[in-house]
Structures are given as structure tokens and as C-alpha cells.
Amino acid sequence: MWMPAPSASERKLTMAQHRNSLAGRSVIVCGCGSSLTREVAEQAARHGWVTIGVNDVGRLFTPDYLVVLNPPRQFRGDRFAHVQHSQAQALFTQLPPSALGLVAPPVVPFTLGPFGGTDIDTGPQADGRLPHTQNSPYVAVCLAAWMGAARIGLIGVDFTEHHFFARSGRHPLSARLARIDQEYGALAQAL
């Protein structure tokens, strides 16, 4: 009996399948800040760098991988449509797949590890828990480390006024910049 191929969102991918899949590669984590431009994305592609985008970065370019931590109801306007229709190879999230609804990329579920944590478990029994803070790019950096990246860069993680796609106003986390700098500094030291 003929059965249709499963949709991307029905294909089961795991964190274990991605462990060290980018060993030795350069990875650029792309936030939605105004420093991310199409030229940056094109440069990454020219150099063969892997990109891990967050949220609706797909409105500018298609990242290799996508990290989404917020449920659809927290995306204003058409922002979640760019997540749903992403052509990324996989969408990593701690949300249950049912919370996302139908999305084009295959979903890779993971569990959030400690808040403000820096330890990316690399042992043989590693379960793929990713440390987190209040911003998605932090988790994307942890994912890049889990995937074995040798070098990890950040772009579009500005915490300034406005996203690259709209005059969205003051970033809600801009009052926490000192704390955010400490968190990323500790993560950089650990990696």
C-alpha cells in the first residue's frame, strides 16, 4: 500500500544525530539585530561557514539550522510565518512539536539545561541538554558547541533599538546588558 512521505515536521531527528556533526567547522550564530545584513549571510555562504539562525532570521536569508525557543503566540505580526516556512535543515527547540504547529523544517527537540550554565556535556552519555539564558542566540552558541564547531562567531546579537527587518523599538533585554555580557563572557571562557 502506498503511503505519502512524511512531512518535514513529522520526520524525527534527535540531538544525538547532530552530536559533533560540525566537528572542526566554523559556525556563525545569527540573531535578528541590525548588524546582520544580507552581505554577511552571503559572505558566510562564500566561505562555507555554517549558519545557525534564531527566530525569524529567515526573512533575510535561509540559515543552515534554526533555533526557536518562544512559542508562536510570542511572535508579533507575521514573524512566526518565517519560522513555519523556513528552509533550514532542522529547527531546534525545547517546545513540544505540537506547540509549533506545522513547520517546514524537521524538528529536533532538546531539553534546556541550567540557566546561565556554560557546561556543554561532551561525555559519552551526553544527553544534549543546552544551557540557556534569556536570549536565544546563547542557546544557539551552545548548540554550535554541541555540534562540534571549532570556531563560533556572533552577528545580529546587538540588543540595540530595532531588528534588521523593522523599526521595532527598544530591545526588551537592553537594560540587562551588563549581565548578558557576563553570561557570554563566562560561556566564551568555558568553550
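Scan (1) at pLDDT 90 or above; (2) farther than 16 Å from residue 140 by Cα for the single condition residue 40 breaks and write down its number.
Condition (1) is where residue 40 drops out.
Would you check if there is a residue in segment 173-183 being in a loop (DSSP other than H, G, I, E, B) and modelled with pLDDT of 90 or more? Please lay out each step first, then the result.
The first filter runs over segment 173-183 and keeps only residues in a loop (DSSP other than H, G, I, E, B), leaving 173.
Retained after the next criterion (residues that are modelled with pLDDT of 90 or more): none.
No, the conditions are met nowhere in segment 173-183.
Looking only at segment 21-38, count how many residues are buried (at least 16 other Cβ atoms within 10 Å of the Cβ) and among the charged types (D, E, K, R).
Residues in segment 21-38 being buried (at least 16 other Cβ atoms within 10 Å of the Cβ) and among the charged types (D, E, K, R): 1 in total.
Cβ-Cβ under 8 Å, sequence separation 6+ or interchain: first residue in segment 71-90 and among the polar types (S, T, N, Q), partner open to solvent by 50 Å² or more (accessible area, probe 1.4 Å). Which pairs?
That search, which allows pairs on different chains as well, returns 84/102; 86/62; 87/62.
Just to be sure, is residue 170 open to solvent by 40 Å² or more (accessible area, probe 1.4 Å) and modelled with pLDDT of 85 or more? Reasoning before the result, please.
Details: open to solvent by 40 Å² or more (accessible area, probe 1.4 Å): yes; modelled with pLDDT of 85 or more: no.
Criteria not met by residue 170.
The values are calculated or read from the model by the stated rules, or taken from the named source; none is laboratory data. What you are looking at is a predicted structure, and each value in this text was computed from that prediction instead of being measured. Reconstructed Cβ throughout: ideal geometry from the backbone, glycine too, with neighbour counts over all protein chains shown. These accessible areas exclude ligands, DNA and RNA; they are computed on the full protein's heavy atoms, side chains included. Shrake-Rupley method; radii C 1.70, N 1.55, O 1.52, S 1.80 Å.
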